[in-house]
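Asker: My questions all concern the structure below.
The values are calculated or read from the model by the stated rules, or taken from the named source; none is laboratory data. Everything quoted here is computed from the prediction, not taken from an experiment. Here the Cβ positions follow ideal geometry from the backbone for every residue, glycine too, while neighbour counts run over all protein chains shown. Side chains included, ligands, DNA and RNA excluded: accessible areas come from the protein's heavy atoms. Shrake-Rupley method; radii C 1.70, N 1.55, O 1.52, S 1.80 Å.
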Amino acid sequence: MSTVEDITSENAFTTHISSLPPTTTIIISFHTPWAAPCAQMSLILKTLASSYPPQTPPTISFLNLDAEALPEVSESYDVTAVPFLVIQRDGKVLEKVSGSDAAKVRAAVERHAGKGGNTGKVGLPPALEVTRREDDGAKDATETKGEGESEGGGGGGGGGGLSKYAPGANDPKTAPEMSSTAGQKEELETRLRELVKAAPVMLFMKGTPSAPQCGFSRTIVSMLREQGVRYGFFNILADEEVRSGMKTHSDWPTFPQLYAGGEFVGGLDIVKEELESNPDFFADYVAAPKGKGGMAAPEDQKQPATAST
């Protein structure tokens, strides 16, 4: 069975890609060690890989990369959140999948690489197979209605039992109608609370640090780099739900937005004011020499002693 290969350097990535024939379908999974959904994606990838027998030359190759350890590779694929899957062949990106939805990941891989074995045997739900059965309409039409069964289909006391039951127009509803809006808002709020604490310093910006999509985002990236701060980031242009939700969550209408220790600092103007009044404002988060700040995993950063949780 095929396996997932961990790529730990940009040179190893380039070498591996160039060693494959142009017909090989390459599955590239970007993760970070601190994001919980990435652990689920790792299991999904291993399960999928095990369903494809190894061949020479290889027809499919599964790769696993730490998005923050290999920033240039991540930026070349416009990785803005993890887990993130890229499917490519002959140097061309065929499809991208964000998130760890097993069904979506499996469907994308099979769409471009064909089906492997029965992955349901090793933990991933098997693909659904639909078999059309013969029409029993004619048979049902000749059967006699049971006692108490109405023409409208209602009533449950007749012959044929529950297999023939259908609710009538006058039957009471079995459950009250409910809206899922409240549940969706709560789910989004939970996600936002997790995002702002994804790294000791989190920047919600337009674009990515290597390709900011507005002047304000570009300026704050330069400021963090100059201060030697290593930070996590989220491209709000890639997720409208997060973009809208963060305005309410932070009670701040514009971007970029900066969080430190899970607490909202402010936008660009506020960050500038904080640095002007206190040049050591980011001292607890510095993990690189001045001018060398950038993306990093949280464990590379110094946790502030008074950080809120």
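Asker: Consider ALA198 against the criteria (1) assigned to a loop (DSSP other than H, G, I, E, B); (2) open to solvent by 40 Å² or more (accessible area, probe 1.4 Å): it satisfies all of them except one. Which criterion is unmet?
Answerer: The failed condition is (2).
Asker: Kindly check whether there is at least one residue in the range 208-219 that is buried (at least 20 other Cβ atoms within 10 Å of the Cβ), touching a residue at least 12 places away in the same chain (Cβ under 8 Å) and farther than 24 Å from GLU72 by Cβ.
Answerer: no
Asker: On to the next question. Looking at the range 220-237 only, could you name the residues that are in a strand (DSSP E or B) and open to solvent by 30 Å² or more (accessible area, probe 1.4 Å)?
Answerer: ARG230, PHE233
Asker: Assess whether SER217 counts as being more than 21 Å from the chain's Cα centre (by Cα) and assigned to a helix (DSSP H, G or I).
Answerer: yes
Asker: Hey, VAL229 hits all of (1) touching a Gly at 6+ places or on another chain (Cβ under 8 Å); (2) of a type in the set (A, V, I, L, M); (3) under 23 Å from PHE84 (Cβ atoms) but one; which does it fall short on?
Answerer: (3)
Asker: What number of residues in the range 237-251 are touching a strand residue (DSSP E or B) at 6+ places or on another chain (Cβ under 9 Å) and modelled with pLDDT under 90?
Answerer: Residues in the range 237-251 being touching a strand residue (DSSP E or B) at 6+ places or on another chain (Cβ under 9 Å) and modelled with pLDDT under 90: 3 in total.
Asker: Given the conditions (1) of a type outside the set (Val, Ile, Thr); (2) within 26 Å of the chain's Cα centre (by Cα); (3) buried (at least 16 other Cβ atoms within 10 Å of the Cβ), report the number of the one that GLU240 does not fulfil.
Answerer: GLU240 satisfies every listed condition except (3).
Asker: Residues of the range 1-19 being hydrophobic (A, V, I, L, M, F, W, C) and open to solvent by 30 Å² or more (accessible area, probe 1.4 Å), which ones?
Answerer: Hits for the range 1-19 are MET1, VAL4, ALA12, ILE17.
Asker: Here's something else I'd like to know. Among (1) closer than 19 Å to GLU72 by Cα; (2) within 22 Å of the chain's Cα centre (by Cα), there is one condition PHE204 misses while meeting the rest; what is its number?
Answerer: In the conditions (1) closer than 19 Å to GLU72 by Cα; (2) within 22 Å of the chain's Cα centre (by Cα), PHE204 misses (1) alone.
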